[in-house]
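Undergrad: Pasting a structure below so you can have a look.
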Amino acid sequence: MLVGISLETKQINSIKPIECAEEMSGYLRIVASDRCKLSFSKIFSYFAPRLRSYALKQMGNEALAMELVQDTMSNVWQKSHLFNSEKGSPSTWIFTIARNLRFDMLRKQRNRKEDVCSDDLWPILCEQTPDANEVSLDHQVTMDEIGVLLDTLPEKQKLVIEAIYIDGKSQQEVADEFDIPLGTVKSRTRLALQRLKEMLKDDD
Amino acid sequence: MISFHPKYTDLQAFSAGNCNTAMALMISAHLDMCQQCHHDCIDIQSELAADLFSLSTPTAPLDSQYLAMMSNITDLPVAKSIVNEAINTSIELDGKYFELPRVLRRHVKNTGNWSRLLGKVWQAPVELGDIGKANFIYMEKGGRVPEHTHRGSEMTLVVDGQYNDGIAEYDCGDFTIMNNQHKHLPHSEADDGCLVFTIVDQPLHFTAGIARLLNPFSHLFFK
Ligand SMILES: [Zn+2]
């Protein structure tokens with residue numbers, strides 16, 4: 001087992017970065033679809049030792065370093081289905097996971113209690129964004145009610161509100177998509193929200 | 001149009017996860033509005049990742065510690081998909097709603113009530129613990145803050161509208177850092193006024209005219 005894995009590592013070492021990214025993306029796909037331990041072992045053999053060097057530098061001690069390696073690789077195993085190779089390479093994905101976990105570990109160590117979390121500050125790259133349609137039932141009911149209200153908005157305001165609240169886009173993304181200035185997105189959102197609020201008041 | 005961006009070195013520190021949390025919060029909010037810096041950060045992150053996971057990094061063969069780790073990991077279940085929690089994405093002042101960049105939305109619930117600072121300038125404090133003293137500041141059309149400098153530094157992000165501080169004109173998305181070398185006098189002439197998010201590490205220092213009288217009380221401002 002030991003020898004087998006070290007051989008795999010050597011084989012991977014002899015190939016080019018692009019091929020390596022493709023190969024690793026392939027393994028990630030198999031992990032996602034089949035929970036394949038062999039494919040995971042290939043990913044693990046490549047990334048875990050390299051992560052350890054990073055983690056040692058960042059955390060300054062062996063135990064914490066190995067904790068960071070373990071947490072990062074656990075995320076890879078548990079979230080492989082979220083990895084999207086069209087958005088970037090496995091290296092970038094795994095790096096952003098490790099960086100975020102490191103931030104949270106350091107804050108926890110210093111006993112910081114503020115309400116900040118790394119995934120808010122640094123959205124993980126190369127992941128599929130959660131499907132906005134996956135909402136709980138309670139939420140769904142409200143969404144239906146809101147749908148009725150949205151239909152009463154002027155078309156332009158409605159499109160902007162839907163893109164932001166239902167599709168979860170940022171205002172800049174909406175501006176790009178509709179080819180309108182950011183300021184216009186902001187004023188349409190503002191007007192629409194004002195109007196919705198008034199309608200909700202009338203309901204009471 | 002955004003004309004004021006974080007420095008490239010700050011984008012690098014941010015991407016590496018090495019800048020302080022206040023700066024990270026500001027840059028993250030800026031990225032939500034600025035495609036250019038957003039793309040720069042994506043590039044920086046993939047360079048950092050390529051360096052870190054370079055093929056040429058020498059690695060020892062996996063020992064038993066790694067193998068035990070690997071088998072622990074593969075015993076774990078698949079992560080459940082996260083359902084987006086419904087959070088307030090805007091703040092309100094006087095019936096006006098201001099949509100916030102994603103990273104600031106989490107802090108709406110920690111934002112205090114609006115209070116009038118001076119004339120047409122309003123402030124709502126944001127509880128960020130030891131990250132820094134944060135506030136939303138809203139300048140109505142014609143609203144101005146007396147000329148001041150900063151003992152420490154003040155980071156400002158324009159969330160909505162435009163303002164001018166006698167040094168330059170700032171539009172939404174613009175990010176600036178002011179320190180004690182800068183004297184400025186922010187005011188807004190935009191029809192919808194201007195909403196900014198600021199984090200300061202020291203009280204302001206008022207420099208001009210009668211406003212100097214405010215210095216003893218400056219801890220009350222933007223605290
Ligand atoms: Zn920018």
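Undergrad: If B:Asn88 satisfies every condition in (1) at the interface with chain A (Cβ under 7 Å from one of its Cβ atoms); (2) part of a loop (DSSP other than H, G, I, E, B); (3) under 28 Å from the mean Cα position of the chain (by Cα) but one, which is the exception?
TA: Status for B:Asn88: all satisfied but (1).
Undergrad: While we're here: May I ask you to verify whether B:Val103 is β-branched (Val, Ile, Thr), more than 7 Å from chain A (Cβ to nearest Cβ) and away from the ligand (no atom under 13 Å from the Cβ)?
TA: No, not satisfied.
Undergrad: Sticking with this structure for a sec: In the range B:133-154, which residues are open to solvent by 20 Å² or more (accessible area, probe 1.4 Å) and outside any strand (DSSP E or B)?
TA: If the condition is that a residue be open to solvent by 20 Å² or more (accessible area, probe 1.4 Å) and outside any strand (DSSP E or B), then B:Glu140, B:Lys141, B:Gly142, B:Pro146, B:Glu147, B:Arg151, B:Ser153 are the ones that fit.
Undergrad: Let me ask something additional. Taking the range B:33-46, which residues are of a type in the set (Val, Ile, Thr) and within 9 Å of the ligand (Cβ to nearest atom)?
TA: Answer for the range B:33-46, where residues must be of a type in the set (Val, Ile, Thr) and within 9 Å of the ligand (Cβ to nearest atom): there is none.
Undergrad: Identify the residue in the range B:1-32 that is open to solvent by 10 Å² or more (accessible area, probe 1.4 Å), touching a Cys at 6+ places or on another chain (Cβ under 8 Å) and within 11 Å of chain A (Cβ to nearest Cβ) and, among all such residues, is nearest to the ligand (Cβ to nearest atom).
TA: B:Ile2
Undergrad: Looking at the structure I just gave you, is A:Ser74 at pLDDT 95 or above, of a type in the set (S, T, N, Q) and under 17 Å from A:Ala98 (Cβ atoms)?
TA: Considered against the rule, which asks whether it is at pLDDT 95 or above, of a type in the set (S, T, N, Q) and under 17 Å from A:Ala98 (Cβ atoms), A:Ser74 comes out as yes.
Undergrad: Report the residue count in the range A:77-115 for those that are surrounded by fewer than 22 Cβ atoms within 10 Å (Cβ to Cβ), over 13 Å from the mean Cα position of the chain (by Cα) and not in a helix (DSSP H, G or I).
TA: 6
Undergrad: For B:Pro58, which of the numbered conditions (1) closer than 20 Å to A:Arg99 by Cα; (2) away from the ligand (no atom under 16 Å from the Cβ); (3) surrounded by fewer than 20 Cβ atoms within 10 Å (Cβ to Cβ); (4) not hydrophobic (A, V, I, L, M, F, W, C) fails to hold?
TA: (1)
The values are calculated or read from the model by the stated rules, or taken from the named source; none is laboratory data. Computed from a prediction, not measured in an experiment: that's the story for all the values here. Note that each Cβ is placed from the backbone with ideal geometry, even for glycine, and that neighbours are counted across all protein chains shown. Accessible surface is based on the protein model in full, side chains and every heavy atom, while ligands, DNA and RNA are left aside. Shrake-Rupley method; radii C 1.70, N 1.55, O 1.52, S 1.80 Å.
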